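Below you'll find the structure, written out as structure tokens, and then a few comments.
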Amino acid sequence: DMESLFVMAQVAPTEYPKDNLEKADSLVKDAAEKYHPGMIIFPETFMSRFPAGTDIATANAVAEPLDGEFVQGMKKLAADHDVWLTFGMKETIEDPADHRCYNTVVMVNNKGEIVQTYRKTHLYDAFGYKESNEYKAGDKFFEPVDTPFGKLGLFVCYEVRFPEVARYQKAKGAEIVIMPTAWFKGDLKSHQFRTLITSRALENTFFVFACDQCGGTAMGESVAVDPMGVAFAAGNEREELIPVYVDTDRIKEVESKLPSFKDRRPALYI
């Protein structure tokens, strides 16, 4: 167990991957100089965001494979600055007849190697939006990974509304769950965002770091919540770097008071 520093990069991505790679370049330099973090987290679909209402074919024309220029550029940044990176992208799919892409998150280590990729499994067909028109769902959960900062789990945005997704991460030993997101503004959305993240952290006695987009339709308000449900780092509505100092010993301390995961009775649950 150790104290580590993460930085959440709360940003407003633009349409084109090349521009967002330049943005990442300057943000990673800034974060590395100011904070020397172990990992920098970027939001969901950081690679490209088109304005709401853009034609899907146009928005998805920028999608790239995992060995494309955008991921290559991010891998180089990670290696050059000796830092882990987690970021969202639009990943091309195998079927040329399908106009959709995957909503993918990539985790890269400080040597610039891909540790794991995750294709969002639960798509946001809610509040009048239909994400499944634009993206194809993945078919397996992120498998928590051992890192120098503890065991990291991951899920994306809308998936915080499904307790089962977070529970899987806990059951596989996650201590910190990273949640890249592009949370839409709207009625009670800020309240729901904070409530859901806090609930997932509390019921699983782990940390949740939600790194949100801002600007346009996105809300900002990124937050890091500890296993007691305490928000101990938070963002505002604009672009900013949010340092998150974390000590995973906090998990054992909370579990000794609140053994809710251990006290489950799975035989009773469907």
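The values are calculated or read from the model by the stated rules, or taken from the named source; none is laboratory data. Computed from a prediction, not measured in an experiment: that's the story for all the values here. Here the Cβ is made from the backbone with ideal geometry for all residues, glycine too, and neighbour counts use every protein chain on show. Side chains included, ligands, DNA and RNA excluded: accessible areas come from the protein's heavy atoms. Shrake-Rupley method; radii C 1.70, N 1.55, O 1.52, S 1.80 Å.
Filter segment 47-61 down to residues that are over 24 Å from residue 154 (Cα atoms) and hydrophobic (A, V, I, L, M, F, W, C) and give me whichever is surrounded by the fewest Cβ atoms within 10 Å (Cβ to Cβ).
Per the stated criteria, the residue is 57.
How many residues are over 23 Å from residue 177 (Cα atoms), free of Cβ contacts under 8 Å to residues at least 60 places away in the same chain and surrounded by fewer than 23 Cβ atoms within 10 Å (Cβ to Cβ) when one looks only at segment 18-41?
Narrowing segment 18-41 to residues over 23 Å from residue 177 (Cα atoms): 18-23, 25-26, 29-30, 33-34.
If we keep only those that are free of Cβ contacts under 8 Å to residues at least 60 places away in the same chain too, we end up with 18-23, 25-26, 29, 33.
From the residues that got through so far, the ones that are surrounded by fewer than 23 Cβ atoms within 10 Å (Cβ to Cβ) too are 18-19, 21-23, 25-26, 29, 33.
Result for segment 18-41: 9.
Give the residues of segment 221-247 that are more than 20 Å from residue 37 (Cβ to Cβ) and either open to solvent by less than 40 Å² (accessible area, probe 1.4 Å) or of a type in the set (Phe, Trp, Tyr) (or both), sorted by residue number.
Hits for segment 221-247 are 227, 229.
Identify all residues within segment 194-218 that are in a strand (DSSP E or B), open to solvent by less than 10 Å² (accessible area, probe 1.4 Å) and not aromatic (Phe, Trp, Tyr); write none if there are none. Before you say what the answer is, go through the steps one by one.
Taking segment 194-218 and keeping what is in a strand (DSSP E or B), we get 207-212, 214-215, 218.
Okay, now just the ones that are also open to solvent by less than 10 Å² (accessible area, probe 1.4 Å), so 207-212, 214, 218.
The answer is 208, 210, 211, 212, 214, 218.
Going through 24, 126 one at a time, which residue ends up being among the hydrophobic types (A, V, I, L, M, F, W, C) and either out of contact with any Leu (no Cβ under 9 Å at 6 or more places or on another chain) or at positive phi (or both)? Let's see the steps before the verdict.
Numbers: 24 fails: either out of contact with any Leu (no Cβ under 9 Å at 6 or more places or on another chain) or at positive phi (or both).
Answer to the check: 126.
Among the candidates 64, 44, which residue alone is farther than 18 Å from residue 213 by Cα and either at pLDDT below 95 or buried (at least 17 other Cβ atoms within 10 Å of the Cβ) (or both)?
Details: 44 fails: farther than 18 Å from residue 213 by Cα.
Selected residue: 64, the only one of 64, 44 that is farther than 18 Å from residue 213 by Cα and either at pLDDT below 95 or buried (at least 17 other Cβ atoms within 10 Å of the Cβ) (or both).
What number of residues within segment 1-22 are at pLDDT 95 or above and either more than 19 Å from residue 219 (Cα to Cα) or among the β-branched types (Val, Ile, Thr) (or both)?
Residues of segment 1-22 at pLDDT 95 or above: 5-22.
This time we only want the ones that are either more than 19 Å from residue 219 (Cα to Cα) or among the β-branched types (Val, Ile, Thr) (or both), so: 5-7, 11, 14, 16-19, 21-22.
Residues meeting the conditions: 11.
Please specify each residue of segment 244-261 satisfying the condition of being more than 16 Å from residue 6 (Cα to Cα) and assigned to a loop (DSSP other than H, G, I, E, B).
Passing the criteria: 258, 259, 260, 261.
How many residues are over 17 Å from the mean Cα position of the chain (by Cα) and under 19 Å from residue 11 (Cβ atoms) if we restrict to segment 34-53?
Our first condition is that a residue be over 17 Å from the mean Cα position of the chain (by Cα); within segment 34-53, this holds for 34-36, 50-53.
When the remaining residues are screened for being under 19 Å from residue 11 (Cβ atoms), the result is 34-35, 50-52.
Adding up the residues that qualify gives 5.
For segment 160-174, which residues satisfy the criterion of being surrounded by fewer than 24 Cβ atoms within 10 Å (Cβ to Cβ) and touching a residue at least 24 places away in the same chain (Cβ under 8 Å)? Spell out how you get there, then give the answer.
Taking segment 160-174 first, the residues surrounded by fewer than 24 Cβ atoms within 10 Å (Cβ to Cβ) are 161-165, 167-168, 170-173.
Matches in segment 160-174: 161, 162, 163, 165, 167, 168, 170, 172, 173.
Is segment 70-82 home to any residue that is more than 17 Å from residue 48 (Cβ to Cβ), modelled with pLDDT under 95 and not hydroxyl-bearing (Ser, Thr, Tyr)?
no
Looking at 75, 90, can you tell me which residue is in contact with a Cys (Cβ under 9 Å, 6 or more places away or on another chain), crowded, with 18+ Cβ neighbours inside 10 Å and under 23 Å from residue 153 (Cα atoms)?
90
Could you tell me which residue of segment 106-147 is surrounded by the fewest Cβ atoms within 10 Å (Cβ to Cβ), considering only residues that are among the aromatic types (Phe, Trp, Tyr) and out of contact with any helix residue (DSSP H, G or I) (no Cβ under 6 Å at 6 or more places or on another chain)? So that I can check it myself, show each step before the final result.
Our first condition is that a residue be among the aromatic types (Phe, Trp, Tyr); within segment 106-147, this holds for 118, 124, 127, 129, 135, 141-142.
Next cut, out of contact with any helix residue (DSSP H, G or I) (no Cβ under 6 Å at 6 or more places or on another chain) only: 118, 127, 129, 135, 142.
Values: 118: 24, 127: 10, 129: 16, 135: 24, 142: 27.
Restricting to residues being among the aromatic types (Phe, Trp, Tyr) and out of contact with any helix residue (DSSP H, G or I) (no Cβ under 6 Å at 6 or more places or on another chain), the top hit is 127.
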